[in-house]
Amino acid sequence: MKRILIVLSVVSICIVSCKNETKDAMEVDNAMATDSLATEEPEMAEEPMDSIAIQKAWEAYMTPSEAHKMMAAEEGSWTNAMTFWMDPEGQPQKATSTADIKMILGGRYQQTNYQGNLMGMPFEGVAMLAYDNTTEEFTSTWIDNMGTGMMVVKGKYDEATKTTTLTGTMVDPAMGKEKQVRETYTIVDENTRKMEMFEATKGGAERKTMEIVMTKN
């Protein structure tokens, strides 16, 4: 009987002790959670723009600017003298094409359709040019019937040199991956434009791959 009382006493002490430890642990966790909430900085809510400011921002974004007027000045038919350097050590190849330039979507974008003969095959290409009023940056895309990908380049216009420099990527099917390219587009005079294309080479250098001199008809 005495042994039974001793065992019950020990069990009772253990139960009370466990309850006290659980209670203490819960109190510590609650205290830590309270401290965490107390020290956590409240998130600053963004100040919403009023409807008039939003309307003005969109109006500025959608209204054709001086850059769009410069693009519109190129509307019409052009003859292109094209030079290609397929092999850096070899002789350049020559070709001629025509370009029909027009503004679309209310004078907001420039679309150019190219036609010609390249390496003995009919050649067609389409270029789209956009000027973003907000970023003050040009974006140009190019697709043609000699590939299934799209070249996308972006850049800004330099008034001092009358040149837009655009950089981006295009797929090299021989290598099976994208390569870096750079394009310069220069306003030589009212009726002449020159486009030059460069691509990155191993070691970080670049080489000229194409030049197009455009003459307005």
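Which pairs have Cβ atoms under 6 Å, sit 6 or more apart or on different chains, and link a residue in segment 127-149 that is over 16 Å from Gly116 (Cα atoms) and of a type in the set (S, T, N, Q) to one that is open to solvent by 60 Å² or more (accessible area, probe 1.4 Å) and in a loop (DSSP other than H, G, I, E, B)?
Partner pairs satisfying both residue conditions: Thr141/Met150.
Taking segment 165-179 on its own, how many of its residues are surrounded by 13 or more Cβ atoms within 10 Å (Cβ to Cβ) and of a type outside the set (D, E, K, R)?
Number satisfying all stated conditions: 7.
From the list Lys194, Lys154, which residue is within 22 Å of the chain's Cα centre (by Cα) and charged (D, E, K, R)?
Lys154 is the lone residue from the list that is within 22 Å of the chain's Cα centre (by Cα) and charged (D, E, K, R).
I'm trying to understand the selection: among the residues of segment 180-210, which are loosely packed, with under 13 Cβ neighbours inside 10 Å and basic (Lys, Arg)?
Lys202, Arg207
Among what's in segment 100-135 and is β-branched (Val, Ile, Thr) and surrounded by fewer than 16 Cβ atoms within 10 Å (Cβ to Cβ), pick the residue that is farthest from Ala200 (Cα to Cα).
Ile104
Out of Thr165, Thr201, I need the residue that is farther than 20 Å from Lys69 by Cβ, more than 21 Å from the chain's Cα centre (by Cα) and free of Cβ contacts under 8 Å to residues at least 24 places away in the same chain. Which one?
On inspection, the qualifying residue turns out to be Thr201.
Just wondering, is there one or more residues in segment 165-180 that are modelled with pLDDT of 95 or more and of a type in the set (D, E, K, R)?
no
Quick one: Lys154 ticks every box in (1) closer than 29 Å to Thr201 by Cα; (2) touching a Ser or Thr at 6+ places or on another chain (Cβ under 6 Å); (3) open to solvent by less than 80 Å² (accessible area, probe 1.4 Å); (4) modelled with pLDDT of 95 or more bar one, so which box is it?
All conditions pass for Lys154, except number (3).
Could you check segment 1-99 for helices (runs of 4 or more DSSP H) lying wholly inside it with 2 or more residues that are open to solvent by 80 Å² or more (accessible area, probe 1.4 Å) and at pLDDT below 50? I'd like the intermediate steps shown before the answer.
On the way: elements: 2-39, 51-62, 66-72.
Output list reads 2-39.
The values are calculated or read from the model by the stated rules, or taken from the named source; none is laboratory data. This one's a predicted model, so the numbers in the text were calculated from it and none came from an experiment. Positions of Cβ are generated from backbone atoms using ideal geometry, with glycine treated the same way; all protein chains shown enter the neighbour counts. Surface accessibility is based on the protein's heavy atoms, side chains included, excluding ligands, DNA and RNA. Shrake-Rupley method; radii C 1.70, N 1.55, O 1.52, S 1.80 Å.
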